[in-house]
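Worksheet: one structure, shown below.
The values are calculated or read from the model by the stated rules, or taken from the named source; none is laboratory data. Predicted model, so just to flag it, every value in this text is computed and none were measured. Here the Cβ positions follow ideal geometry from the backbone for every residue, glycine too, while neighbour counts run over all protein chains shown. For the accessible areas, the whole protein counts, side chains as well, though only heavy atoms, and no ligand, DNA or RNA atoms are used. Shrake-Rupley method; radii C 1.70, N 1.55, O 1.52, S 1.80 Å.
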Amino acid sequence: MNSTASTDVLIIGSGFGGAIPAYHLAAGGAKVVVLERGPWLSAEEFDHDFKLGSSYTRIFDFTVGDGMSLLGGNCVGGGSVVYFATMPRAPRFVFERRGSIGQRMWPATITRDSLDPWYDRATEALPVTMQSWEKVPYAGGLFAAACAHAGRTANPVPSAVDVDMCTNCNWMMAGCRFDAKRSLLLNYLPAALAHGAEVRPLHEVQHLSRTDDGGYRVHYRHVDAEDYRILHGSGTIDAKIVIVAAGAGATPVILQRSAATLGAMPPAVGRYFSSNGERLNTAVFNEDRVREVLGLSRPGGKAYAANQIGRGPTVASWDRLDPNLPEFERYSLEQLYFPPGLGTILAQVPDATGPTWFGVEKKELMRRWQSWLTIFTMSEDDNEGVFGPPPATGNADRISQQMLGRGPLRYRPTPNTLRGWAASDADVKDILERDGLARVMPWTNDVVGAYTVHPLSSCRIGDNPETSALDDRHELRQHPGIFVTDGSAVPGALTVNPALTIAALAERAVPGIIHAARERGVQVTYGGSLPEGSARPVPLTTAS
């Protein structure tokens, strides 16, 4: 008979929703174990290539659904290892959104004002700082100049990047080799380890069951380090508290699969999924017009031709984040770098006379890739995603050795979501095609459907048990002692990058989790400290 290990708190996932409570609970004296599905890589192991087995394929999870594909982190540190570290706060109007349910989506206890102190904590811990115009790379400057030419405003974005250490290599999606990007590998996770937390990579949680003493048993499989389709031996760990932070594409699947052993899940588990209203446009710039119209140039005589130089998003236009605009017509526009590979495959030919995906015109588009600029829309969607029956194991049926799987998410954009996308597409076209600067084409949904790099809301917090899986403390309804603290807990689209909001919500959830742990006999306290070595940031400009 196999013996079962035990711990005070078991955390599933090591991204923002997992690493933050892991640190606080371990610092407070609890025994903490973190199970992470992906590998554990350090800075020197991050590769600058696209070869199978490189960090680029090992630390990503690309899940193709029915009408929606999800791109996220699959490694210790989660999404923080592969994100672009753009960290604005959500606008105030976001917390008052009603969506199609006709009632406030967020719990009454959470407003922008009430969340600001928790934003402050995460901002200090990472830390997050404001980029200056002098440090903005070429692509961000080009977008800002085009916005100014069109009579729009643009701002540098706050980010968790030490720009003095950054080499502008634009490989940060494959992991930062220079530790310039402030991922969780540099703050919350090492601080959690210093306080005795244990992190186990390549452990994929399959489901939860109950123990005789009212706690929970977590059932996992070992993931092969080279071929993620192969699962090895199984194991179990008993815990008094379980925190599920596997990401918005995996958390609902684990909980749905657990219904057979735990009992029925709240009706909102696996429903109301949000893609953060995300949309991509590719602009191909005319280098001569960039020089003539915008007066831009860089060393070597080139006007732009610098798509590959920089670091992810550095400049955003927040003109449409106006609380007076109708819901579903508010969005941000952000300059984004999508590296060759997925970006070059999905980019389509503007004004093509033949196929937009392949052929002679696509070949010419590819030849000019250094003159591209990708614009990223984050809008208000309608929470229309629904997860179907879970696969036999994991969050998806694995298709390839690494990275690629097919998941149970079904997504059909409603007229509300489509209206926001159409408005933002027209806006991008109006800004970038003025005076012949560029030709613009959106990434349409014709081939693989819509896509998101910021999946949200599949197990969201709220006040209405019919439309929210969690209460305002992030505890799973009908299952006391289980908490969800990742992006799936965010009630809806934020119109900006969500990482800082996820981090702030995780910070906010910790005191309630510690209270619940103490009620279950765990000797743990909340000290309210931050990871040692955190630096205080400069004041920020936010999308408020």
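Using a simple spin-label model with points 7 Å from Cα along the Cα→Cβ vector, what separation in nm is obtained for Glu292 and Ala225?
About 5.8 nm separates the two model spin labels.
Taking Cα centroids, how far is region 26-60 from region 173-220 in Å?
10
In region 192-277, what is the volume of the convex hull around the alpha carbon atoms, normalised per residue and reported in Å³?
Spread over its residues, the Cα hull of region 192-277 gives 150 Å³ apiece.
Name the residue farthest towards the positive end of the dipole of the chain from the options Pro350, Gly512, Pro391, assuming +1 on Cβ of Lys and Arg, -1 on Cβ of Asp and Glu, about the Cα centre.
My answer, from the dipole projection, is Pro391.
About the Cα centre of the chain, what is the dipole size in debye to 20, counting +1 per Lys and Arg Cβ and -1 per Asp and Glu Cβ, all else neutral?
Computed charge dipole of the chain: roughly 220 debye.
Based on the mean of other Cβ atoms within 10 Å per residue, sort peptides 373-380, 494-501 so the most packed one is first. If you can, show how the numbers build up before the last one.
Working: 373-380: 25.6, 494-501: 27.1.
So the peptides 373-380, 494-501, ranked by packing, come out 494-501, 373-380.
What is the helix-to-structure angle for 138-149, meaning the angle in degrees between its Cα long axis and the longest Cα principal axis of the chain, kept from 0 to 90 and rounded to the nearest 10?
So the helix axis and the longest Cα principal axis differ by about 60 degrees.
Would you mind getting me the FRET efficiency between Glu198 and Asp435? Use the beta-carbon distance for r and R0 = 45 Å, nearest 0.05.
Details: r = 59 Å, r/R0 = 1.31.
Here the calculated transfer efficiency is 0.15.
Considering only protein heavy atoms, what is the solvent-accessible area of Lys362 at a probe of 1.4 Å, reported in Å² to the nearest 10?
20
Taking the 0 to 90 degree range and rounding to the nearest ten, how far is the long axis of helix 415-432 tilted relative to the main principal axis of the chain, both from C-alpha atoms?
40
Summing +1 for each Lys or Arg and -1 for each Asp or Glu, what net charge is found among the other residues whose Cβ lies under 14 Å from the Cβ of Cys166?
Values: positive: Lys135, Arg177, Lys181, Arg182, Arg311; negative: Glu134, Asp162, Asp164, Asp179.
Spelling it out: positives minus negatives among the neighbours equals +1.
Order Leu186, Leu409 by their accessible area, 1.4 angstrom probe, all chains in place, largest first.
Leu186, Leu409
Out of all DSSP beta bridges in the chain, what portion is antiparallel? Express it as a percent rounded to 5.
So the antiparallel bridges amount to about 65 percent of the total.
Note the listed values (i) 32.2; (ii) 28.3; (iii) 23.3, then indicate which one is mean projected area of the Cα convex hull in nm² calculated from this particular structure.
(iii)
Sorted by accessible area with a 1.4 angstrom probe, largest first, how do Ser114, Ser183 fall?
From most accessible down to least: Ser114, Ser183.
In 10 Å bins starting at 0, how do the alpha-carbon pair distances of region 318-364 split up by percent?
Histogramming region 318-364 at 10 Å steps yields 22, 28, 26, 21, 3 percent.
Which percent of the accessible area of region 198-310 is formed by carbon and sulfur heavy atoms (probe 1.4 angstrom)?
47
Putting +1 on Lys and Arg Cβ atoms and -1 on Asp and Glu Cβ atoms, find which of Val82, Val161, Tyr119 reaches farthest to the positive end of the dipole of region 47-190.
Toward the positive end, the furthest listed residue is Tyr119.
How much accessible area per residue does region 198-289 have, in Å², with a 1.4 Å probe?
33
Using the Kirkwood radius built from alpha carbon pairs, what does the Stokes-Einstein equation give as D for region 37-84 at 25 °C and 0.890 mPa s, in µm² per second? Don't skip to the end; give the middle numbers.
Values: Rh = 11.3 Å.
Here the translational diffusion coefficient equals 217 µm²/s.
Evaluated at 10 °C with a viscosity of 1.306 mPa s, what Stokes-Einstein diffusion coefficient in µm²/s does region 75-137 have when Rh comes from the Kirkwood expression over alpha-carbon pairs? List each step's numbers first, then the result.
Values: Rh = 14.4 Å.
In µm²/s, the coefficient is 110.
Local charge sum around Leu418 (other residues, Cβ-Cβ under 13 Å, Lys/Arg +1, Asp/Glu -1)?
Here the count lands on -3.
Subtracting the Cα-Cα distance from 0.36 nm times the residue separation, let me have the gained length for Ser529 to Phe178 in nm, one decimal.
Extra length available between Ser529 and Phe178 comes to 123.7 nm.
Before I look further, what does region 144-189 give for accessible area per residue, probe 1.4 Å, in whole square angstrom?
On a per-residue basis, 34 Å².
Can you list the aspartates and glutamates whose alpha carbon sits under 17 Å from that of Lys240, skipping same-chain ones fewer than 8 residues off?
Partners found: Asp8, Glu198, Asp212, Asp213, Glu475, Glu519.
Write out the chymotrypsin sites (Phe, Trp or Tyr not before Pro) in region 170-206 meeting two conditions: DSSP loop, and at most 15 other Cβ atoms within 10 Å of their Cβ.
Phe178
Could you sort Cys169, Cys459 by their accessible area in this structure, using a 1.4 Å probe and putting the largest first?
Largest accessible area first, the list is Cys169, Cys459.
Between Asp116 and Asp49, what is 0.36 nm times their sequence separation minus the Cα-Cα distance? Round to one decimal in nm.
20.2 nm
Stretch Ala352-Ala426 to full length: gain in nm at 0.36 nm per residue minus the Cα-Cα span? Could you put the intermediate results ahead of the total?
Values: separation 74, 0.36 × 74 = 26.64 nm, distance 1.78 nm.
Length difference between fully extended and current span is 24.9 nm.
As a check on your grasp of the helix formula, calculate [θ] at 222 nm for the chain: sum -39500 (n - 2.57) over DSSP H runs of n ≥ 4, divide by the residue count, round to the nearest 500.
About -6500 deg cm²/dmol.
With N residues in region 113-161, what two-decimal value do you get for its Cα radius of gyration over 2.2 N^0.38 Å?
In units of the 2.2 N^0.38 Å rule of thumb, it is 1.46.
For the ranges 89-95, 476-482, what's the packing order if you count other beta-carbon atoms within 10 Å of each residue, average per peptide, and put the highest first?
89-95, 476-482
Can you figure out the FRET efficiency of Arg410 with Trp133, using R₀ = 56 Å and their beta-carbon distance, to the nearest 0.05?
0.80
Kirkwood hydrodynamic radius of region 249-397 from all distinct Cα pairs, in Å?
After inverting the mean inverse Cα-Cα distance, the result is 19.0 Å.
In the neighborhood of Ser371, defined by Cβ-to-Cβ distances under 10 Å, what is the net charge if each Lys or Arg adds +1 and each Asp or Glu adds -1?
Working: positive: Lys302, Arg367, Arg368; negative: Glu287.
Local charge sum for Ser371: +2.
Can you compute the charge dipole magnitude of region 448-491 about its Cα centre, using +1 on each Lys and Arg Cβ and -1 on each Asp and Glu Cβ, nothing else charged? Give it in debye, rounded to the nearest 20.
My answer is approximately 120 debye.
Which aspartates and glutamates have a Cα less than 17 Å from the Cα of Lys362, not counting those fewer than 8 places away in the same chain?
Leaving aside aspartates and glutamates fewer than 8 places away in the same chain, those within reach of Lys362 are Asp351, Asp446.
Mind checking the log10 I(q)/I(0) for region 133-284 at q = 0.09, 0.10, 0.11 Å⁻¹? Debye, one equal scatterer per Cα, no solvent, two decimals.
Computed log10 I(q)/I(0) values: -0.53, -0.63, -0.74.
Using Cα pairs under 8 angstrom and six or more residues apart, how large is the relative contact order of the chain, in percent?
26
Rounding to the nearest 10 and keeping the result within 0 to 90°, find how far the Cα-based axis of helix 16-27 lies from the longest principal axis of the chain.
40
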